[in-house]
Amino acid sequence: MLLFDPKAERDLREIQRKRPSDFQYILAELEKHLNKSSIAVNGNKIKLLQGIIPSLYRLRINASISHRAFFRIFSDRAIVLRVVAKKDTDRILKDF
């Protein structure tokens, strides 16, 4: 099951407003990689970030602008916390 934090919903609405084609691609990638019972953490597309507790994961999404989705896994569900442009990653990670 795939769930969205209110901040992630806000991020996605902003992407939809500014870059509608990226929005569709990002949603498809989130569904493809996170909406399943077993999420493959492989270090390429999905990576466990070190030094952050509780565990935080990153999904790399390469649309017309590279984006990163940050999420946590709780038993049978992934909760997307933020979806941001790659250039904003360092700023966002300070909040975790």
The lone exception for Phe4 - which of (1) at pLDDT below 95; (2) in contact with a strand residue (DSSP E or B) (Cβ under 6 Å, 6 or more places away or on another chain); (3) among the hydrophobic types (A, V, I, L, M, F, W, C) it fails = (1)
Are there any pairs with C-beta distances below 8 angstrom linking a residue in segment 7-35 that is in contact (Cβ under 8 Å) with a residue 40 or more places away in the chain and surrounded by 12 or more Cβ atoms within 10 Å (Cβ to Cβ) to a residue that is outside any helix (DSSP H, G or I) and of a type outside the set (A, V, I, L, M, F, W, C), with the two at least 6 apart or on different chains, and if so which?
-> Lys7/Arg82; Ala8/Arg82; Asp11/Arg82; Ile15/His67; Arg19/Ser64; Asp22/Ser64; Asp22/His67; Ile26/His67
Unmet criterion (only one of (1) touching a residue at least 60 places away in the same chain (Cβ under 8 Å); (2) at positive phi) for Asp76 | (2)
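Go through the residues of segment 67-82 one by one and say whether even a single one is surrounded by 13 or more Cβ atoms within 10 Å (Cβ to Cβ), basic (Lys, Arg) and not in a strand (DSSP E or B). Write out each step before concluding.
Filtering segment 67-82 down to residues surrounded by 13 or more Cβ atoms within 10 Å (Cβ to Cβ) leaves 67-73, 77-82.
Next, from what is left, pick out any that are basic (Lys, Arg): 68, 72, 77, 82.
Narrowing further to those that are not in a strand (DSSP E or B): none.
Checked segment 67-82: no residue is surrounded by 13 or more Cβ atoms within 10 Å (Cβ to Cβ), basic (Lys, Arg) and not in a strand (DSSP E or B).
Inspect segment 76-96 for any residue being of a type in the set (Ser, Thr, Tyr) and either touching a Ser or Thr at 6+ places or on another chain (Cβ under 6 Å) or modelled with pLDDT of 90 or more (or both) and give the result as yes or no.
Start the filter on segment 76-96 by keeping residues that are of a type in the set (Ser, Thr, Tyr), which leaves 89.
Still in the running and either touching a Ser or Thr at 6+ places or on another chain (Cβ under 6 Å) or modelled with pLDDT of 90 or more (or both): 89.
Checking segment 76-96: at least one residue is of a type in the set (Ser, Thr, Tyr) and either touching a Ser or Thr at 6+ places or on another chain (Cβ under 6 Å) or modelled with pLDDT of 90 or more (or both).
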Are any residues in segment 39-62 assigned to a loop (DSSP other than H, G, I, E, B) and not polar (S, T, N, Q), and if so, which ones?
-> Ile39, Ala40, Val41, Gly43, Lys45, Gly51, Ile52, Ile53, Pro54
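The values are calculated or read from the model by the stated rules, or taken from the named source; none is laboratory data. All values derive from a computational prediction rather than experimental measurement. Glycine also receives a Cβ, built like all others from the backbone with ideal geometry; neighbour counts cover every protein chain displayed.
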